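S.K.: Below is a structure I'd like to ask you about.
The values are calculated or read from the model by the stated rules, or taken from the named source; none is laboratory data. None of these values were measured; they are calculated from a predicted model. All Cβ positions, glycine included, derive from the backbone under ideal geometry; neighbour counts span all protein chains shown.
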Amino acid sequence: MIKVFIDGAAGTTGLRIHDRLQERTDLELLTLSEDLRKDPAARKEMLNTADIVFLCLPDAAAVEAVSLIDDPKVKVIDTSTAHRTAEGWTYGFPEIAGKEAVARAGRIANPGCHASGFISLVYPLVQAGLISKDTALTCFSLTGYSGGGKKMIAEYESEDRAKLLDAPRQYGITQTHKHLPEMVKVCGLTEPPVFCPIVADYYAGMEVTVPLFKKDLKGTVRDLSEAYKSFYEKGLVHFTEKKDEGGFLSGNAFEGRDDMEVSIYGNDDRILLVSRFDNLGKGASGAAIQNMNLLLGCAEDTGLVVHYE
């Protein structure tokens, strides 16, 4: 039986991975008692005992954990930012990196949630030659507060929370958000986009929008649709023809799901590329489990909540 260890199982992503895996009969979940959870020797032993390790840790701790692994047969899926642009690591977005590449990888860097939405929209169009690598892009990304981890969840769910939390809040205002490097590298861009992430008063769900002007498009809106249809033929990412909720698009439409919807809105002159998913699903734990499934050679949606279009 495959042995799996989640280092950092007390965090939001780690807890969700653990909850999803504990019912599976093809895996054995290795755990450390609370008093040994931060013991270096105990962690090192567990990291080298497992067949697959999930790292759900801050960046520095993730780097340290990798350094503790001596057995080259141990496969690692890191959900932190630490290795997303590092040499020797496979970017864990199977629809972009290739499912075969992920299945063969020993070190997998799970994508960032905002980055997943941006890359799902931009990468296929760059590859198809419909937008240039040097196009000046912008990205608007709406997320539920669970994306901020335990501290932010506690802030939003506190009875005496600050009034400012009642309205959506923009962040990343220095334009140095930690997801920008992977967005640029994976898509092959020459410059990072202007990135505007916003957290709002709902638990989970993400809606990422990349606007385009007609002058930036080397083709037509129909060409965009055909490119997405061809790139996302079947799987956890799917292209959906224009579909809204009475003229609105809700950020929490995909809460609890592990798939992702890519759509096109706007008109022939001003185009909106939109990706919707769960920031804790395809944006975090769902993506990590999909990567693990590919490593194991089982169906990529095993144990996941996916609505195929």
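S.K.: Please enumerate the residues belonging to the range 199-241 that are among the hydroxyl-bearing types (Ser, Thr, Tyr) and either assigned to a strand (DSSP E or B) or touching a Gly at 6+ places or on another chain (Cβ under 9 Å) (or both).
M.R.: Filtering the range 199-241 down to residues among the hydroxyl-bearing types (Ser, Thr, Tyr) leaves 202-203, 209, 220, 225, 228, 230, 232, 240.
Listed by number, the residues that qualify are Tyr202, Tyr203, Thr209.
S.K.: While we're on this one: Which one of these is at pLDDT below 95 and either in a loop (DSSP other than H, G, I, E, B) or under 20 Å from Gly281 (Cβ atoms) (or both): Gly172, Gly117, Gly147, Gly129?
M.R.: Result of the check over Gly172, Gly117, Gly147, Gly129: Gly147.
S.K.: Going through Gly98, Gly129 one at a time, which residue ends up being within 27 Å of Lys234 (Cβ to Cβ) and outside the structural domain of Asp59 (by TED's automatic domain parsing)?
M.R.: Gly129
S.K.: Determine whether Ile198 is of a type outside the set (D, E, K, R), closer than 19 Å to Gly112 by Cα and outside the structural domain of Leu27 (by TED's automatic domain parsing).
M.R.: It is true that Ile198 is of a type outside the set (D, E, K, R), closer than 19 Å to Gly112 by Cα and outside the structural domain of Leu27 (by TED's automatic domain parsing).
S.K.: Within the set of pairs 6+ apart or on separate chains, which have a first residue in the range 72-89 that is assigned by TED's automatic domain parsing to the domain that holds Val102, a second that is buried (at least 20 other Cβ atoms within 10 Å of the Cβ) and among the aromatic types (Phe, Trp, Tyr), and C-beta atoms under 6 Å apart?
M.R.: Within 6 Å, the pairs are Ile77/Phe54.
S.K.: So which residues in the range 4-51 are among the charged types (D, E, K, R) and either over 17 Å from Val74 (Cα atoms) or not assigned by TED's automatic domain parsing to the domain that holds Lys73 (or both)?
M.R.: Just the residues of the range 4-51 that are among the charged types (D, E, K, R), to begin with: 7, 16, 19-20, 23-24, 26, 28, 34-35, 37-39, 43-45, 51.
Result: Arg16, Asp19, Arg20, Glu23, Arg24, Asp26, Glu34, Asp35, Arg37, Lys38, Asp39.
S.K.: Is it true that some residue in the range 235-244 is more than 15 Å from the chain's Cα centre (by Cα) and at positive phi?
M.R.: Yes, the range 235-244 has at least one match.
S.K.: Does Val102 meet the test of being under 26 Å from Val184 (Cβ atoms), β-branched (Val, Ile, Thr), surrounded by 19 or more Cβ atoms within 10 Å (Cβ to Cβ) and touching a helix residue (DSSP H, G or I) at 6+ places or on another chain (Cβ under 6 Å)? Even if it seems obvious, please write down each step before you answer.
M.R.: On the way: under 26 Å from Val184 (Cβ atoms): yes; β-branched (Val, Ile, Thr): yes; surrounded by 19 or more Cβ atoms within 10 Å (Cβ to Cβ): yes; touching a helix residue (DSSP H, G or I) at 6+ places or on another chain (Cβ under 6 Å): yes.
In short, yes.
S.K.: Somewhere in the range 270-278, is a residue assigned to a loop (DSSP other than H, G, I, E, B) and surrounded by fewer than 18 Cβ atoms within 10 Å (Cβ to Cβ)?
M.R.: Scanning the range 270-278 turns up no residue that is assigned to a loop (DSSP other than H, G, I, E, B) and surrounded by fewer than 18 Cβ atoms within 10 Å (Cβ to Cβ).
S.K.: Looking at (1) in contact with a helix residue (DSSP H, G or I) (Cβ under 6 Å, 6 or more places away or on another chain); (2) assigned by TED's automatic domain parsing to the domain that holds Val262; (3) touching a residue at least 60 places away in the same chain (Cβ under 8 Å), which is the only condition Thr143 fails?
M.R.: With (1) in contact with a helix residue (DSSP H, G or I) (Cβ under 6 Å, 6 or more places away or on another chain); (2) assigned by TED's automatic domain parsing to the domain that holds Val262; (3) touching a residue at least 60 places away in the same chain (Cβ under 8 Å) applied to Thr143, the lone miss is (1).
S.K.: Only one of Ala253, Ala204 is over 21 Å from Gly92 (Cβ atoms), at pLDDT 95 or above, in contact with a strand residue (DSSP E or B) (Cβ under 8 Å, 6 or more places away or on another chain) and not assigned by TED's automatic domain parsing to the domain that holds Glu95; which?
M.R.: So the residue among Ala253, Ala204 that is over 21 Å from Gly92 (Cβ atoms), at pLDDT 95 or above, in contact with a strand residue (DSSP E or B) (Cβ under 8 Å, 6 or more places away or on another chain) and not assigned by TED's automatic domain parsing to the domain that holds Glu95 is Ala253.
S.K.: Identify, please: which residue in the range 11-52 is of a type in the set (A, V, I, L, M, F, W, C) and in contact (Cβ under 8 Å) with a residue 60 or more places away in the chain and is, among those, surrounded by the most Cβ atoms within 10 Å (Cβ to Cβ)?
M.R.: Here the answer is Ile17.
S.K.: Checking the condition in contact with a strand residue (DSSP E or B) (Cβ under 8 Å, 6 or more places away or on another chain), farther than 13 Å from Pro124 by Cα and in the same structural domain as Ile131 (by TED's automatic domain parsing), which residue from Leu236, Leu224 passes?
M.R.: Being in contact with a strand residue (DSSP E or B) (Cβ under 8 Å, 6 or more places away or on another chain), farther than 13 Å from Pro124 by Cα and in the same structural domain as Ile131 (by TED's automatic domain parsing) holds for just one of Leu236, Leu224, which is Leu236.
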